[in-house]
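Reading through the structure tokens given below for one structure.
Just so it is clear, none of the values below were taken in a lab; they were calculated from the coordinates. Note that the coordinates shown come from a computational prediction; the quantities given were computed from them, not determined experimentally. Cβ placement follows ideal geometry from the backbone for every residue including glycine, while neighbour counts extend to all protein chains displayed.
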Amino acid sequence: MLKQRIITAAWLAPLMLAGLFGLDGGLFALFTAVIVLLASWEWTNLAGVQGSMARLGCLAAMTLLMLAMWLSGAAFASWPLWIAAVGWLLNLYWVTHYPDSAVVAQWQSPARRLAMGVWVLLPTWVGFNVLQASGAAWLLFVLLLVWGADIGAYFAGRNFGKRKLAPRVSPGKSWEGVYGGMAVTLILALVFAVWQGLGVSAGVLLVLVTLVVTLASVLGDLLESMLKRHRGIKDSSNLLPGHGGVMDRIDSLTAAVPLFALLHLWVVPL
């Protein structure tokens, strides 16, 4: 398993870095669209859609929706990000109340889980486009934020974790892990503020935005964990041998990227 993980990471990491930071404009949008569409294919399984043709139909619908957004300019607009913000408030409610049967009934039908996937995945693609258009530095920052939060949470949780964060959703996560992730991203924000030459007020705003987005990234992870637990599966797919599926790699980004993109547009000094 470890050997397979290393082999996959050896070709996947350069490919992702080349696509995210070596492309721009339409090619960048196409590259990130492929990632989101792969995640959308996996989401149809998380939603409980049965049959390959039905899943392909859902994938085709997402493709057409993304194409329409690109042609209309909505791929760079803020309104899909606002929809995501409202949708993630619903996701937060559902995650924190899982597995309450009355609450689960609100989202467990395949149609509703597919709708959930639209407001989770489509704004992720929009967020990538918005951040890339704003400059590669901000795209790099949000990626480092999510990776830093994961690393900090892993080591803090492993060494100090006692209080469970969401035991019925993801038993391995702890509040101490969350605090460890926030500590790492706080340092990242301070370093980035100095590197970008931000003033005191902009630096403080960046720190506050960073902590909020860090918490959102945790929610992104928990949402996918909840859906996998509900479906009784360990990974979203086996598209990435040794690493599970695409959703397993980008679950935190689906919450962090659109929220950071929205705050980047809204909080003018950033």
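Listed values, structure above:
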| read-out | value |
| --- | --- |
| Estimated distance in nm for a label pair at Thr8 and Leu90, the labels positioned 7 Å out from Cα along Cα-to-Cβ | 3.1 nm |
| Distribution of pairwise C-alpha distances over segment 55-104, 5 Å bins, in % | 5, 18, 14, 16, 17, 17, 10, 4, 1 |
| Relative contact order computed over segment 2-266 (Cα-Cα under 8 Å; 6+ residues apart), in percent | 24 percent |
| Tail weight of P(r) past 22 Å, computed on alpha-carbon pairs of segment 60-203, percent | 58 percent |
| Ratio Rg/Rh, restricted to the chain and using Cα atoms, in which Rh is the Kirkwood radius | 0.95 |
| Pair Ser78, Val194: separation of 7 Å Cα→Cβ label points (nm) | 3.2 nm |
| Estimated D of segment 1-108 in µm² per second, where Rh is the Kirkwood radius over Cα pairs and Stokes-Einstein applies at 37 °C, 0.692 mPa s | 195 µm²/s |
| Residue among Ala75, Val146, Ser170 farthest towards the positive dipole end of segment 2-266, charges placed on Cβ | Ser170 |
| Sum of -39500 (n - 2.57) over DSSP H runs of 4+, divided by residues of the chain (222 nm, nearest 500) | -27000 deg cm²/dmol |
| Segments 48-56, 200-208 sorted - mean Cβ within 10 Å per residue, highest first | 200-208, 48-56 |
| Alpha carbon centroid spacing (whole Å) that separates segment 41-82 from segment 170-199 | 32 Å |
